[in-house]
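Here's the structure, in structure tokens; my notes come after.
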Amino acid sequence: MSSGSSRTSTTTNAGSFESFLEIWLVRQEHYLEELLSSQQHSHESRDEDLRELIDRVLSHYHQYYVEKSRAAQRDIFLVFSPKWFTTFERTFLWISGFKPGLVFRLAYETIKDLAEDQRVKIANLSKETKVQERSLNDELAKIQESVASPPLLEVARTHGRVSDPLVEAAGATETMRSSMESVVASADLLRMTTAVKMVEILNPVQNVRFLAAATQLQLRIRSLGLQRDAERGVNDSL
């Protein structure tokens, strides 16, 4: 495959996921409105109604990871350095997504009425998650060590802008691609299972606050990133 074909394929793959993400984020904003409304009227809402909303929000996140998995199968390098995120959003990435430990920070900051048994369960879950995070960091380091030069992330960033022989020379073999896909899949699974387990620990009212805070954080980071990139674009053009 020529470098031109590689660039075309990369652009197509990025465009495909970016189109999905735009629609997904619009729905995410709608879910935030629902969560905030339910949060304000939680004393009037039945637990069954709150659980139904929580299930729909989790299903929405699941849809994101399903589509992301497809994107990773098409081009794992692109997922490691996603063009669909702003520069600011990319500073928060850990193996192509948020670090699972963020779940605990959000829970402790937004939920002030945790019972003692909930605190114990959250602490245990946090310990388990940290162990798995370290394991994934080790796996990523092994892949990194298998790449002589340039570093793995640099290979991902330059993918589509260099010829395939150069990428292959940097260690971008099918074996490495498979290893990278495996690490990303494991990281995404850890992200989702950690959030689901947290939801299982919290009661419906607490979950609405927790999910609203997580959604607000994500949308705020994206909004700020878009603003900064736009300003940088204006400044670069001066």
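The values are calculated or read from the model by the stated rules, or taken from the named source; none is laboratory data. Keep in mind that this is a model prediction, so the values were computed, not measured. Cβ: placed from backbone, ideal geometry, glycine included. Neighbour counts: every protein chain shown. Quick note on the areas: whole protein, heavy atoms, side chains included, nothing else; ligands and nucleic acids left out. Shrake-Rupley method; radii C 1.70, N 1.55, O 1.52, S 1.80 Å.
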Checklist line | Spatial extent of segment 18-232: Rg and Dmax, with the Cα atoms as the point set, Å | finding: 19.0, 63
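For every other residue with a beta carbon closer than 11 angstrom to the beta carbon of R27, add +1 if it is Lys or Arg and -1 if Asp or Glu, then tell me the sum. Can you show the working numbers first?
On the way: positive: R56; negative: E22, E29, E33, E34.
Computed value for this residue: -3.
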Next item on the list: Would you mind working out the accessible area per residue for segment 20-119, using a 1.4 Å probe, and quoting it in Å²?
Entry: 54 Å²
Next item on the list: Could you please state how large a percent of the accessible area of segment 18-232 is carbon and sulfur, counting protein chains only and using a 1.4 Å probe?
Entry: 52 percent
Item checked: lysines with Cα under 19 Å of K68, excluding same-chain neighbours fewer than 8 positions away -> K83, K99
